[in-house]
1. Where does each of 79-86, 262-269 land if you order them by average Cβ count within 10 Å, highest first?
2. Could you compute how fast the range 3-245 diffuses translationally, taking Rh as the Kirkwood radius over C-alpha pairs and applying Stokes-Einstein at 20 °C with viscosity 1.002 mPa s? Give it in µm² per second.
3. Which value in deg cm²/dmol, rounded to the nearest 500, describes the helix-derived mean residue ellipticity at 222 nm for the chain, given -39,500 (n - 2.57) per DSSP H run of n ≥ 4 and division by the residue count?
4. In the range 161-270, what % of DSSP beta bridges are antiparallel (nearest 5)?
5. Sort the range 92-205 into rounded, prolate or oblate with this rule: let a ≥ b ≥ c be the square roots of the eigenvalues of the Cα gyration tensor; rounded if a/c is under 1.5, and if a/c is not under 1.5, prolate when a/b is larger than b/c, oblate otherwise.
6. As a quick test, which of the pairs Lys8/Lys46; Lys28/Lys50; Lys8/Lys212; Lys53/Lys264; Lys26/Lys50; Lys46/Lys164 have an alpha carbon distance above 21 angstrom in this structure?
7. Hey, fewest Cβ within 10 Å first, where do His238, His202 land in order?
8. With the Cα gyration tensor of the range 41-140 giving a ≥ b ≥ c as the square roots of its eigenvalues, does the rule (a/c under 1.5 for rounded; else a/b larger than b/c for prolate; else oblate) give rounded, prolate or oblate?
Amino acid sequence: MAEVIIVKTQEEAGELYGRSVADLIKAKPDAVLGLATGSSPLAAYKALAKIVKEESIDVSGVRGFALDEYIGLPLTHPESYHATIHRTVVEPLGLDPAKVHVPGDALDGAPLEDGERIAAAGPAYDAAIEAAGGIDVQILGIGTDGHVGFNEPGSSLASGTRVKTLTEQTRIDNARFFDDDINQVPTHCITQGIGTIMKARHLVLLAFGAGKAEAVAETVEGGISSFCPASALQLHPHATIIVDEEAAGRLRNKDYYRYSFEHKPAWQAI
Ligand code: GLP
């Protein structure tokens, strides 16, 4: 059973993540962070950056692996996840860019037709995560259809990093980053698999707003199904799901989640 924490603001959620990761880095200066794009993690990165600055935490040894990348966008494209992760995480936190990896780094805009390179990139990425000793804490957003990373409904819950076809809904959701023009949104991506994500030692999923309420309810209280890939989190021994009131709107067990967070022993971190 995952821990569900209902917060009032994204800032409050960000502070929970920031505190947890700051403590991790203090204890393990070469911690391996699993990174995600999207708007949901932004307050969390901001909170972490603030604590790092205030407490003068040395992050020079911190390593990072992002979840996913579009196929066909060069690394320099401003909406490539390579560029996004560098803009939203690496720079504000002051991480060493050489220690932060994105699944498409080896592809750099290679077209979908370049099957050999694309097929090799996934297993190589999983091997690199493994060689780094695995991910300590993976931050996750969630798509309106229950995807994590870019694991769309129907994704194998045992999958490794690989190429996936984006759903039309995801392309519509993400068109806002491409001049509201769905035709500019790539049709394919390379994403850590659900099996890859499940190997991280701690998962922190953040979801805000009414648009995520159904996906959150399916994830937490629905059956475990590849139809809602995020529901695999129910099988993870340390998953923390932080949501605001709107995203919690369709949870049936809300009172218990609140009660258990209020009565959480002071010695227990998220
Ligand atoms: C994209 C990303 C996901 C992210 C999702 C939700 O599809 N690949 O990792 O979780 O968007 O984004 P947002 O947090 O902006 O709602």
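1. The most tightly packed comes first, giving 79-86, 262-269.
2. Diffusion coefficient, whole number: 120 µm²/s.
3. The helix contribution divided over the chain gives -9000 deg cm²/dmol.
4. Of all bridge pairs located within the range 161-270, approximately 50 percent are antiparallel.
5. Taking the square roots of the gyration eigenvalues as a ≥ b ≥ c, the range 92-205 is rounded.
6. In this structure, Lys53/Lys264; Lys46/Lys164 exceed 21 Å between Cα atoms.
7. By the 10 Å Cβ count, ascending: His238, His202.
8. prolate
Quick note: the coordinates plus some simple rules give every number you see, no bench work behind them. Not measured: the values here are computed from a predicted model. Here Cβ is always computed from backbone atoms with ideal geometry, including for glycine, and neighbour counts include all displayed protein chains.
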